[in-house]
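Here's the structure, in structure tokens; my notes come after.
Coordinate-derived values only; no laboratory data. Every value quoted in this text rests on a predicted model; they were computed, and no experiment measured them. Glycine also receives a Cβ, built like all others from the backbone with ideal geometry; neighbour counts cover every protein chain displayed.
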Amino acid sequence: MTNKIPVDDLHHVTVVTRDARATALAHADFYDIPEWKVVDYTPERLKRTSIHGRGPSSNMKPEAIGNASPPGVFGFRSVRGVSRTTGVTFEIIQPLTGQSTFEHFLATRGAGVHGICISRVTRAEISGLRAFLAENDVPLAMTYAVNDDVDFYYFDTRATLGGYYLEVIVADTTNWADTVPADNVWDFSDQMSQDAGVQPPRRIKGVGHFGVVVPDVEAAITRYAKLFDEPIWRLMNWRTEEWLLEDTTTNGVEVKHAFYAARGNVGKTPLGVTIGFEVIQPLWGPSHYKEDFLQVVGPGIHHLDLAFPVQDWDEWDKFNRFMKDDFHAPMCMSGWLRGRIHLYHYQDTRQKLGYVVEVHAPDPGNPPTPGGAEHYWYDFSAKADI
């Protein structure tokens, strides 16, 4: 009996956009991914399609719907690229026709992280997972296939986990991606920057965590704990205060603010990289989480925390100059943590990549702080004797 969402790898991060080529080029430049596999999933090629439990309609006459696709009929372009360092994979989706979850996400929120794929199950296992998720208020939003080797299931975790979908690959073999042939291959080798400032993200080791912004962090992590069967979570109360969170900025302006940040890990990749979430609730004061994200598009994946080494402060300065002047992605939020022993930046890469990235400065070598953020541990498996 299935009692959790299985996590076996970070198969890919799905980003929806109106211009797949431009978004793929930006990812190629930033992450050092020169080659991209292009597949056009046209309505004629797709099999076993559904959208919110409904199949393609045969009741609509062409003269009634004009040039629009019949209900349940959709198509899109998939552009898939793999980092040459540790295999971090991005799937860029450009909707082409019909009302898919891709098109709906893009129409209601704009370009961004539609979802993540961290699960592959066999055909014998998918029915149990569907039943478990349905019991926990997670409906099946969309399905499709192009052959008999692999099906793609998208579960609607927007209300339960915070504004994004979980994609599950249904295949009996691990080489499922090879069963879908490419229609084209885009090679951006001659269009990628050689600037020294872009070298750090090209050494990416993985995604440290997915930063999800929600209106109620405790309610959200209660559901994360249930769905992933991960009972232990840590909640931090970060706020602008000496020794705690200092020199805080939002969009280049010095501010004072506070937020909750809950951390939990749900699995690891085959290379041992942790797959985790940071679930964030803005509290008071201006922040990129609140005014630029939650109040604009609602809950969702705000940022990807990028695990890459920065050699020294000279390279850190070059990286920041490149981000601002060449990549046109200025810093949108920052702060020093725990008595200035750690500096984080958020870079506003939404126009280029579709999401914000979190990056970390080199170790400044400062002594440990005498205090720290209040933190609260949650154990959702603990039973009350009442």
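Hey, in the GNM for the chain with a 10 angstrom Cα cutoff, which one of 79, 273, 296 fluctuates hardest?
296
Taking the Cα-to-Cβ direction at residue 132 and at residue 284 and moving 7 Å from each Cα, how far apart do the two end points lie in nm?
In this crude label model, residue 132 to residue 284 measures out at 4.2 nm.
Would you please name the trypsin sites (Lys or Arg not before Pro) within the range 286-386 that are DSSP coil residues with at most 10 other C-beta atoms within 10 Å of their C-beta?
Those that pass, being in a loop and sparsely packed, are 383.
About its Cα centre, what dipole magnitude does the range 198-379 give when the only charges are +1 on Lys and Arg Cβ and -1 on Asp and Glu Cβ, stated in debye to the nearest 20?
460 debye
Over the chain, what is the relative contact order in whole percent, taking alpha-carbon pairs under 8 Å and six or more residues apart?
Contact order relative to length: 18 percent.
Taking DSSP loops as anything outside H, G, I, E and B, show the longest stretch in the chain free of GluC sites (Glu not before Pro) there with at most 10 other beta carbons within 10 Å.
Working: sites that count: 44, 242.
The longest uninterrupted stretch comes out as 45-241.
I need to check one value: relative contact order of the range 277-386, counting alpha carbon pairs closer than 8 Å and at least 6 residues apart, in percent.
22 percent
A 31 angstrom limit on the alpha carbon distance is what I want to check against. Which of 205/383; 37/290; 268/383 exceed it?
Pairs exceeding 31 Å: 205/383; 37/290.
Please give me the summed charge of the neighbours of residue 221: other residues whose Cβ is under 14 Å from its Cβ, Lys and Arg +1, Asp and Glu -1. It would help to have the intermediate numbers written out before the result.
Values: positive: 223, 226, 234, 263; negative: 216, 218, 229, 230, 278, 379.
Overall, the nearby charge balance is -2.
Below 8 Å between Cα atoms, with a sequence gap of 6+, how large is the relative contact order for the range 198-379 in percent?
That works out to 29 percent.
Could you tally the net charge around residue 327, taking each other residue with its Cβ under 11 Å from the Cβ of residue 327, Lys/Arg +1 and Asp/Glu -1?
Local charge sum for residue 327: -2.
For the chain, what does the helix formula give at 222 nm: sum of -39500 (n - 2.57) over DSSP H segments with n ≥ 4, over the residue count, nearest 500 deg cm²/dmol?
-4500 deg cm²/dmol
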